[in-house]
Structure formats: C-alpha cells, structure tokens
Amino acid sequence: MYDRATCRNLYGGSALRLEELAKTIDSTLLEPTAVQSDIEQLCRDAIEHHFACVCVFPHWVPMCQRMLQSHDVKVSTVVSFPYGADIPRVKVSAAEQSVASGADELEVVMNISAMLSGDFRYVRDELSRVVKAVRMKSVNAGRGLVLIKIIVEACYLDDKLKRLACKIVEDVGADFIKTSTGKGPGGATVRDVELFRDLLSEGVGVKAGGGIVTTEDAELMINAGAARLGTSHAVEIMNQFSSGRG
C-alpha cells in the first residue's frame, strides 16, 4: 500500500492536492523550550489544516488527545528520543505508558550505537519487544491499531547498515521506517527514501523526517516514495502550497 508507484499515483507532481498533502504531514514540535501554549497552537493548526497527526513529547500526549479527540488528527509521540540509547526495559515501559496516555502513533528510535557496533541481534530483539508490548497494550486497552514507526537515523548508516535496518524493521512487524530524528547532522534525503521504499514490502511505510521546510522538499520526498513527512514547518509548507509555491 505504500509502494513508490502508489505514492506517485496519489500524490505525484502537479496532481498533488492540498488535502492529500495535509494527510502526509506529521506536524512536529520536539523542542525542550516548547511550552503549553505552543503545543496548544500546534493542535489548533493541525485541526485547521487536517494534518495526519501532531508529534510531541510524551508529557503532552494527554492534553493533545483531549484537544484532538473529536477531530481527524492523531497524536504521536517519541520513545528513547533522540539517540535510542535506553535499555530495552525502559523503552518497553515508555511505549506502554504512551499508549496508556492516549498516543495513536509511536516513533521509536533504534539503538544507534548498537547498530553501528554491529550488534544487530540486540537491535532486532529490543525493537521486537517494543512492538509486541505495544500490540498487547493496545489490545488490552481496547484501542485500535497503534502505529509504530522506527527511526533509524540514516545519516549515520552506510548502505549495508541501511539495508540491515530495513530488514530489522520489517522483521519486527513495525508499520513504518523513518529516516531521521531531525536532531542528527543530516535529515531525510531522496536517495534514502527511494532506497527504503525499494527494500521494504508494501505493508511498511516510509516516513521522511529532518530538513523538510518547503513545499518543494515535501513534494520531492512524496515522489520518492514517502507516505508520511515529519516537519516542524507544516503550516509554512501548507501556506506555500496554497499560494502556488510562493
């Protein structure tokens, strides 16, 4: 459902419509200086533009859920952000707590250090534990499917590790792979999005995150195969698109 041809048919080139663009966008605010009024404005903007979701720190999930519960915008949060360095038990607990707080989607950072060290079994087993815990928690809580996106921070990985990361994400049953946290030295690239889309089955989506600040950036990522875009410039992108990419 997330193959590149489908994305191009739905969103490609000048055929991209405003409402389609909006539903690819995860409007993100993951800054330590963000205060309650900033998060409330994020939610109001998401309601106005009908974004796919807002992505916030776990602390803000309950408030966002209250503001968005009667709207078509989901609430997403992060786990072990931005380095993925927490031990598995902490990641599992954080993920479960986020689901209990009302998160509809989770972004879990892969243990970057373990991946670079070649400890692939550790990375896979840890993510598998998180995915299984989230699935169980959502079922027990009577929730619908809670989407799980694995952030692999591609700027640190060579092509071999990117391929292994895709295999791990697929094997553990996650719903999306995400290119970047937006906090590393590099963000999403067209090449990485295309590579991930080619390597993954149609049941696993690709999310581009990091450095997406203009309508042109957004369209490039969508045309490369991204089904979701993470950006802290969501409103600006929509306004540019509405004004003819001005």
(request) Find the residue count for segment 1-21, including only residues that are closer than 19 Å to Lys149 by Cα and either part of a loop (DSSP other than H, G, I, E, B) or at pLDDT 95 or above (or both). (result) 3
(message) Being under 17 Å from Ile25 (Cβ atoms) and assigned to a loop (DSSP other than H, G, I, E, B) is true for just one of Ala208, Ala174, Ala188. Which residue is that?
(response) Ala188
(message) Taking the criterion of being within 19 Å of Val139 (Cα to Cα), more than 14 Å from the chain's Cα centre (by Cα), of a type in the set (A, V, I, L, M, F, W, C) and crowded, with 22+ Cβ neighbours inside 10 Å, would at least one residue in segment 96-106 satisfy it?
(response) yes
(message) Return the residues of segment 215-246 that are hydrophobic (A, V, I, L, M, F, W, C), under 19 Å from Asp45 (Cβ atoms) and part of a helix (DSSP H, G or I); say none if nothing qualifies.
(response) Ala218, Ala234, Val235, Ile237, Met238, Phe241
(request) Give the number of residues within segment 132-163 that are under 21 Å from Ser76 (Cβ atoms), in contact with a helix residue (DSSP H, G or I) (Cβ under 7 Å, 6 or more places away or on another chain) and buried (at least 16 other Cβ atoms within 10 Å of the Cβ). (result) 10
(request) Could you identify the single residue in Leu29, Leu68 that is in contact with a Leu (Cβ under 6 Å, 6 or more places away or on another chain), at pLDDT 95 or above and not charged (D, E, K, R)? (result) Leu29
(message) Which condition from (1) surrounded by fewer than 16 Cβ atoms within 10 Å (Cβ to Cβ); (2) in contact with a Lys or Arg (Cβ under 7 Å, 6 or more places away or on another chain); (3) not β-branched (Val, Ile, Thr) is the one that Gly205 breaks?
(response) (1)
(request) Determine which member of the set Gly210, Gly186 is under 14 Å from Ile151 (Cβ atoms), touching a helix residue (DSSP H, G or I) at 6+ places or on another chain (Cβ under 9 Å) and surrounded by fewer than 22 Cβ atoms within 10 Å (Cβ to Cβ). (result) Gly186
(request) Please list, ordered by first then second residue, the pairs with beta carbon atoms under 9 Å, 6 or more apart or interchain, first in segment 18-41 and touching a residue at least 24 places away in the same chain (Cβ under 8 Å) and loosely packed, with under 13 Cβ neighbours inside 10 Å, second outside any loop (DSSP other than H, G, I, E, B) and aliphatic (A, V, I, L, M). (result) Leu18/Met238; Gln36/Met63
(request) Could you grab me the full set of residues in segment 206-233 that are of a type outside the set (Val, Ile, Thr) and without any contact (Cβ under 8 Å) to a residue 60 or more places away in the chain? (result) Ala208, Gly210, Gly211, Glu216, Asp217, Leu220, Met221, His233
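The values are calculated or read from the model by the stated rules, or taken from the named source; none is laboratory data. Computed from a predicted structure; not experimentally measured. Here the Cβ is made from the backbone with ideal geometry for all residues, glycine too, and neighbour counts use every protein chain on show.
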